[in-house]
Amino acid sequence: MTQSDSYGVNEPSARHHTYFVDEAHSHGRLDAFLTRHLPSVSRSRIKTLIESGRVTVDGAAAKPSSRVRRGQRVEVDVPSPSRPRLQAESIPLDIVFEDDHLMVINKPPGMAVHPGAGRMQGTLASAILSRIPQLAGVGEPDRPGIVHRLDKDTSGLLVVAKTLPAYSALQTQVKARTVNRRYLALVHGQVQQAEGAIAARIGRHPRHRTKMAVTPGGREAVTRYRVVERFQLFTLVEADLVTGRMHQIRVHFAHIGHPIVGDRQYGGRRETLGLSRQALHAWKLQFTHPHTGRAVATDAPLPDDFAQVLRQLRAGAEGSPRPPRRGRR
């Protein structure tokens with residue numbers, strides 16, 4: 001299969017896709033063919049696109065059950081989803097660092113970074129827009145100034161640009177992997193190695209579209225880690241993102257058999273220690289200031305729910321083996 005996509009590749013927001021069927025996909029159903037090659041678009045929506053005439057095979061309309069043959073040209077127009085205009089909301093922000101060019105925010109758990117499906121209010125984006133209305137023109141319309149994101153239930157640090165030059169420079173640093181992002185995570189089980197790296201490609205889950213998974217066809221993903229503290233049934237680790245894939249730390253630790261405590265999406269029905277979210281906190285963030293060229297290093301203490309779980313484990317795990325104290329890396 002070869003493809004030519006306009007306005008993006010394999011994304012539901014892209015306008016036009018052109019595919020040429022190869023032998024491996026010949027004689028399969030049209031809806032199945034598109035479901036495979038547009039993994040971010042649901043099967044039901046693909047059926048609707050075909051039935052509404054937005055899909056053609058060699059220039060002609062087709063049915064979802066139509067069989068495709070080698071060499072045929074399949075074209076699909078996927079309308080860009082309409083996005084409601086972001087509304088400013090007066091929500092308090094925990095600002096760790098701020099100047100005329102940027103600010104670093106300590107996001108609480110439970111707050112979405114930007115609007116999503118069924119979630120338009122109470123986001124970090126709305127809070128930022130309320131505090132600095134002029135950021136509406138910096139970055140994407142529903143993510144004013146936001147350079148990188150955190151999952152809704154992950155707490156901790158992220159950087160927001162106040163100007164277009166700062167936004168561009170910080171995004172360049174993220175892509176060049178020069179932004180240092182370190183997390184604390186409490187995972188299930190005893191992580192045997194004191195430190196190591198998880199290198200496993202991550203892509204969209206083949207069956208559950210809202211999940212990510214380790215898959216051979218995914219994008220390169222690398223997470224470095226070191227053990228901070230051991231308990232009888234759990235391990236506190238520091239994770240350092242080398243790449244920044246969606247749900248990367250959560251997927252990687254689940255992949256090696258040590259899912260994050262409280263992660264119902266990737267951890268299954270395991271003990272949550274009373275947490276209503278995953279025990280994952282972005283506690284250190286370091287980057288080069290886009291205007292001064294100096295290093296900016298910030299950190300954020302653990303939120304109360306995470307800290308309380310560690311206090312309980314320490315109170316009940318006296319005498320458990322602990323790693324020797326080490327200097328900073």
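Modelled spin labels at ARG85 and GLN171, positioned 7 Å past Cα toward Cβ, are 2.3 nm from each other.
Only lysines eight or more places from LYS47 in sequence, or on another chain, were considered; those with a Cα closer than 20 Å are LYS63.
Charges were assigned to the Cβ only: +1 to each Lys and Arg, -1 to each Asp and Glu. The resulting dipole of region 186-261 about its Cα centre is roughly 500 debye.
Would you work out if region 93-240 is rounded, prolate or oblate? Take a ≥ b ≥ c from the square roots of the eigenvalues of the alpha-carbon gyration tensor; rounded if a/c is under 1.5, else prolate when a/b is larger than b/c, oblate otherwise. Prolate shape, in that a/c is at least 1.5 and a/b is the bigger ratio. Computed from the C-beta positions of LEU233 and THR292 and an R0 of 56 Å, the FRET efficiency is 0.75 to the nearest 0.05. Fully extending the segment from SER42 to ALA60 would add 4.2 nm, taking 0.36 nm per residue of separation and subtracting the current Cα-Cα distance. Among the lysines, select those whose C-alpha is under 25 Å from the C-alpha of LYS175, and discard any that sit fewer than 8 residues away in the same chain. Answer for LYS175, where 25 Å is the Cα cut-off: LYS107, LYS152, LYS162, LYS211, LYS284, listed by chain and number.
Each Lys and Arg adds +1 at its Cβ and each Asp and Glu adds -1 at its Cβ; summed about the Cα centre, region 141-193 shows a dipole of about 180 debye. Kirkwood hydrodynamic radius of the chain, from the reciprocal of the average inverse Cα-Cα distance over all distinct pairs: 22.1 Å.
In whole angstrom, region 211-292 maps to an equivalent ellipsoid with semi-axes of 24, 18, 12, each derived as √(5λ) from the alpha carbon gyration tensor and ordered largest first. Sites listed here are GluC sites (Glu not before Pro) in region 238-322 whose DSSP assignment is loop and whose Cβ has at most 13 other Cβ atoms within 10 Å: GLU271, GLU318.
From the P(r) of region 83-176, could you give the percentage of C-alpha pairs in the tail past 24 Å? Value for region 83-176: 12 percent of Cα pairs lie more than 24 Å apart. Each part gets one Cα centre, and for region 90-144 versus region 42-76 those centres are 40 Å apart. Under a model in which nothing but the beta-carbon of Lys, Arg (+1) and Asp, Glu (-1) is charged, region 83-176 shows a dipole of about 300 debye around its Cα centre.
Readers should treat all values here as calculations from the given coordinates under stated rules, not as data from a laboratory. Only a predicted model underlies this, so the values are computations on that prediction, with no experimental measurement involved. Virtual Cβ from ideal backbone geometry, glycine too; neighbours counted across all protein chains shown.
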